[in-house]
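What follows is a single structure, written as structure tokens, with notes after it.
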Amino acid sequence: RQQQRRLREARQQAAEYYRGHRVPQRMEEALNALFPQRPADLYGELANYFSKFSKAPVICKLVGRKVLDGVGQPTLEVEIYCTVKNYEKRICSTVMSSHSEIPENALPETTEADQKERNDSVNTAVEWVNDSLNIMLRDLKPTDQCKVDKMLGEYFTKKVEEKKEIQKQEEEEEEEAEVTLALTSCTPSATALPGKNKAAKPGWKKVSVAERTIPPAEPVESVLCGSLAIGGTSLAIAKAGATISRIPLYLHIALLKCNQDSPKGITLPLPMVTLLNCEKISPAKLKLVKEVMLIPPVQLSLKQGIERILDIQKETMRLLEPPGKAPSPQLADTKKGRAHNTGKKAPPQALKRISHLGCLITGCDNLEQPLLLMQTACNNIGLELGTDMYLAINCAAHKLMDYVKGKYEILTGTFKSPDEMVDMYVELINKFPFIIALIDPLRKEDRQQWNNICCALGSKCYLIAEDAGTYISKLKIDQKINIPTCSGIVLKYINQTTVSDLIELTGLLDGQRHITILGSPDGESSDDSLVDLAVGLGARFIKLGGLSRGERVTKYNRLLAIEEELAKNRTLREANLEFIAFAEESQPEKQLSDELPPAKQESSPPQRSQPALQVHSPPAQLLENSTLT
């Protein structure tokens, strides 16, 4: 009897439990709904039906791992595990790109120190993910990106404060040790120490006087050891949220930016495809140009644009063959170029290699040489620069400043002041109007020259700051710290950057009429999340490097896949870009523009007086007059 009583109580408790969760009612609804359909997999359909009532997945585990990036350097991988329907399930992973520019002709000691610093940072990041962050984020929903990023930001701030405290203690200990040494030591060498310091001052003063002619370089923001863990975890959570929501990552990012309002259409960023990487070593003399990039016209689909760039790349490789095998780069039509392709075969040039940026490496003797090479390659295959394809140049001028002379070394032994650089760029764009973007034409510290170049060329091409966009943490605090007057900024997802940081910053840039370019660092990984970030954030351009190397091509393939998906869903929106007439927008610069005809009147014929310029095309009159002298 006692056993029967227990059995009746258990049945009664079970009935109340299931009725409390409406199981009988929902079971009846499921059976009634599925019977007319008579699905082939009945239990599969029942599982799908009841999955709607299951609890939302929550994070149960984070796993950090040390892996290699595209150039064989250590970086961080973050895996996200969630509790899904009472089971632990691996959702996704992400691999961070490491931002450490590969120096040319670096000293062995410098390379060794960089390797040690990178290893320490990755090891610390792995420790953070597997310990602190794993515990801190447990039981949170991966779809709650803002909450996760806020917690990550607070954790990072705490680590920064801890680091400052450690540094402060070390400095105090060093000062105490110096005082103790000074009191206990009475040798002549100890008393001569102050004199040595005084003797070193004249040389220092001499350099400082020379540097006064130009603004000094802003101090480089220190990178906290382990900061990769913050960016890697934030991006991994975003990917997990998209996976849980069963939507692509780019749409998940777009919804986060639009506060969950579904965007009516999505515009693909235009690719800046690197074709040439100009080496700055002997015998090459040109130092100014780091990358020569191609931008396809907006009238083409991305697939058509990539195919056209591949054709230009193939012709460029042919032109870079030794003189005995192919003609030297000079203007020639297709037939003439083919006719001269005779002679004895010669070994390939040593400079004809593939860069870590995924493009051809070559050396040039002057600024016009790579531009003429591009123009010749296009002409040989029946294309016209300025109509069928456009150029962008990454000048990387911040690496060329000689602080003793106060000038940029643009060629070996050739120096130009910041004002002379502005004049040189104006002459260059007037001669080659198919150049529609200059990246880092000056140091960010040369703000007056940035104003001048934007006033002179802002209505003809994009003046883009890449070096200024490296440290997103500073940009968030004060948008004027690292941003000179410019058309837009190249943002890179590195270190402690979070997805929420990028969403906030791109919103600020949109409000200030700056264009956003998502760029990949030199140390790129095979993770293609950067493409989804660029699409979801509404970036105008994406800078991924060349069409070689797997870690680069993977991202172009992802961009092609997104284009195909958007076109199929009829949500692909055509880009509509315009240059910024800085001379008409800023009051100080307007005084300069009063002396000259307005930029828009210069660049547009009377019958085409619209201020808006579709996509990135130069003004029509410039295209008509773009003949090479």
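The values are calculated or read from the model by the stated rules, or taken from the named source; none is laboratory data. Just so it is clear, the structure is predicted and the values come from calculations on it, not from any experiment. Because the Cβ atoms are built from the backbone with ideal geometry, glycine has one as well, and the counts that use them run over all protein chains shown. Just the protein is used for accessible areas: all its heavy atoms, side chains included, with ligands, DNA and RNA removed. Shrake-Rupley method; radii C 1.70, N 1.55, O 1.52, S 1.80 Å.
Among the residues making up the range 435-454, those that are under 23 Å from L371 (Cβ atoms) and open to solvent by 10 Å² or more (accessible area, probe 1.4 Å) are Q449, N452.
Which of the residues belonging to the range 539-559 are of a type in the set (G, A, S) and in a helix (DSSP H, G or I)? Talk me through it step by step, then tell me what you get.
Initial filter on the range 539-559 (of a type in the set (G, A, S)): 539, 545-546, 548, 550.
Result: G550, single match.
Considering N380, N394, the condition of being under 25 Å from the mean Cα position of the chain (by Cα), more than 11 Å from I435 (Cβ to Cβ) and open to solvent by less than 10 Å² (accessible area, probe 1.4 Å) is satisfied by N394 alone. Beta carbons closer than 7 Å, at least 6 apart along the sequence or on distinct chains, pair a first residue in the range 375-387 that is part of a strand (DSSP E or B) with a second that is crowded, with 16+ Cβ neighbours inside 10 Å for L385/M374; L385/Q375; L385/C378; L385/L391; L385/F434.
With respect to I436, determine if the residue is over 23 Å from P215 (Cβ atoms), outside any helix (DSSP H, G or I), assigned by the TED database to the domain that holds D522 and not basic (K, R). Steps first, answer last, please.
Working: over 23 Å from P215 (Cβ atoms): yes; outside any helix (DSSP H, G or I): yes; assigned by the TED database to the domain that holds D522: yes; not basic (K, R): yes.
When the stated conditions are applied, I436 passes them.
Pairs only if they're at least six apart or on different chains, beta carbon under 6 angstrom, first in the range 111-129 and closer than 9 Å to A229 by Cβ, second open to solvent by less than 60 Å² (accessible area, probe 1.4 Å) and assigned to a helix (DSSP H, G or I); list them, first residue then second. From residues that are closer than 9 Å to A229 by Cβ, the pairs are A125/L228; A125/A229; W128/A229; V129/A229.
I'm checking my understanding of the structure. Among residues of the range 221-267 that are outside any helix (DSSP H, G or I) and open to solvent by less than 20 Å² (accessible area, probe 1.4 Å), which one is farthest from R118 (Cα to Cα)?
Of the range 221-267, the ones outside any helix (DSSP H, G or I) are 221-227, 246-248, 258-267.
Still in the list and also open to solvent by less than 20 Å² (accessible area, probe 1.4 Å): 226-227, 265-266.
Working: G226: 9, S227: 11, G265: 41, I266: 37 Å.
Here the residue is G265.
Per-residue answers, yes or no, for (1) under 26 Å from R246 (Cβ atoms); (2) open to solvent by less than 90 Å² (accessible area, probe 1.4 Å); (3) of a type in the set (D, E, K, R):
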| site | (1), (2), (3) |
| --- | --- |
| R22 | yes, no, yes |
| Q25 | no, yes, no |
| D41 | yes, no, yes |
| Y49 | yes, yes, no |
| L68 | no, no, no |
| I80 | yes, yes, no |
| T94 | yes, yes, no |
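In this structure, is S98 within 26 Å of R118 (Cβ to Cβ), modelled with pLDDT under 90, under 50 Å from the mean Cα position of the chain (by Cα) and of a type in the set (S, T, Y)?
On the way: within 26 Å of R118 (Cβ to Cβ): yes; modelled with pLDDT under 90: yes; under 50 Å from the mean Cα position of the chain (by Cα): yes; of a type in the set (S, T, Y): yes.
So S98 passes the test.
Restricted to the range 500-526, and to residues there that are open to solvent by less than 20 Å² (accessible area, probe 1.4 Å) and assigned to a loop (DSSP other than H, G, I, E, B), the residue that is nearest to V67 (Cα to Cα) is S525.
For the range 139-165, filtering for residues that are assigned to a helix (DSSP H, G or I) and open to solvent by 60 Å² or more (accessible area, probe 1.4 Å) leaves 11. Would the range 22-30 turn up any residue that is touching a residue at least 12 places away in the same chain (Cβ under 8 Å), under 27 Å from V84 (Cα atoms) and aliphatic (A, V, I, L, M)? Yes: the range 22-30 contains one or more residues that are touching a residue at least 12 places away in the same chain (Cβ under 8 Å), under 27 Å from V84 (Cα atoms) and aliphatic (A, V, I, L, M). When every residue of the range 122-135 is checked against the conditions, at least one turns out to be in contact with a Pro (Cβ under 7 Å, 6 or more places away or on another chain), at pLDDT 90 or above and surrounded by 13 or more Cβ atoms within 10 Å (Cβ to Cβ).
Select, from L46, L34, the only residue that is in contact (Cβ under 8 Å) with a residue 12 or more places away in the chain and within 27 Å of C82 (Cα to Cα). Explain how you work it out, then say what you get.
Values: L34 fails: within 27 Å of C82 (Cα to Cα).
Answer to the selection: L46.
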